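Notes for the one structure printed next.
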Amino acid sequence: MRRQMTRAERAAVLVIVLAAIGVVMSFVRGDDFAAECAATDASLEAIRAAILGGQAGLGYRADVGEIPRSIHDLFEPTSLPSPLWTFDPATGRGWRGPYLTDGVGLDVRKAHCSFSDESCNSRRFINHLANGETGVLDGFKRHAPECTNSDAERYCTNPIMLQIPCSDANRNGVCGDVGDIWLPGNARLVSAGPNGELETALADYNARSRGDDRVLYLLMNDPGGGNRPCQ
Ligand SMILES: [Ca+2]
Ligand SMILES: [Ca+2]
């Protein structure tokens, strides 16, 4: 005849079941994060290929003659001098995009404060971003602390940035002051990463202090030690 489990045995079984559920949940969450991280890195690579050229074509730089000022330039040429708005076969110059297909209209009020709130001092992080521009969102939409509360609608969508850092001549941590020299050779694509907070400062030309941000340099190898592993 089947023996009844004692209370201690039932408790032990319950602990084992709960532990198993915890392991499964952590795997699910880990896979989820790894997938979002990989998707973000893939978007960074796709944007770099759109700028520098790749399998899909020569890219923005070959057509326009220089790298864009922002991701928006890959979707619309309106920030360029008007002679460059259309491609001229005679000169081989001019915009002939869009160079990407997965653009979204940016509502910076829904992004993290680093993007949308002047109190976050955007000159430390952003050289160009305006509400209504077309951009590309990163893959991290659920991990920032703000995304777990009732403000979820306000936050949780973060655009990938094209950062063109500066020399920060006066060493005040912000770019755009008199004497600050822009460094397009150090241009990089930046995602705010899983915490949704943009930590890669414009004045940090080698992005050595980037937290969990995902950084991809356009024109040089990463001088800042690389990103954290995608797991
Ligand atoms: Ca400065
Ligand atoms: Ca971050």
Karplus-derived 3J(HN,Hα) from phi for region 180-195 (6.51 cos²θ - 1.76 cosθ + 1.60, θ = phi - 60°), whole Hz, x at Gly and Pro, runs 6, 9, 6, 10, x, x, 9, 4, 8, 9, 9, 9, 5, x, x, 7
Ordering of 179-185, 87-93, 125-131, 71-77 by burial proxy (mean other Cβ atoms within 10 Å per residue, highest first): 71-77, 125-131, 179-185, 87-93
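Throughout, read-outs are computed from the coordinates displayed, never taken from laboratory work. These figures come from a predicted structure and were not determined experimentally. Methodologically, a virtual Cβ is constructed for each residue, glycine included, from the backbone with ideal geometry; neighbour enumeration extends over all protein chains shown.
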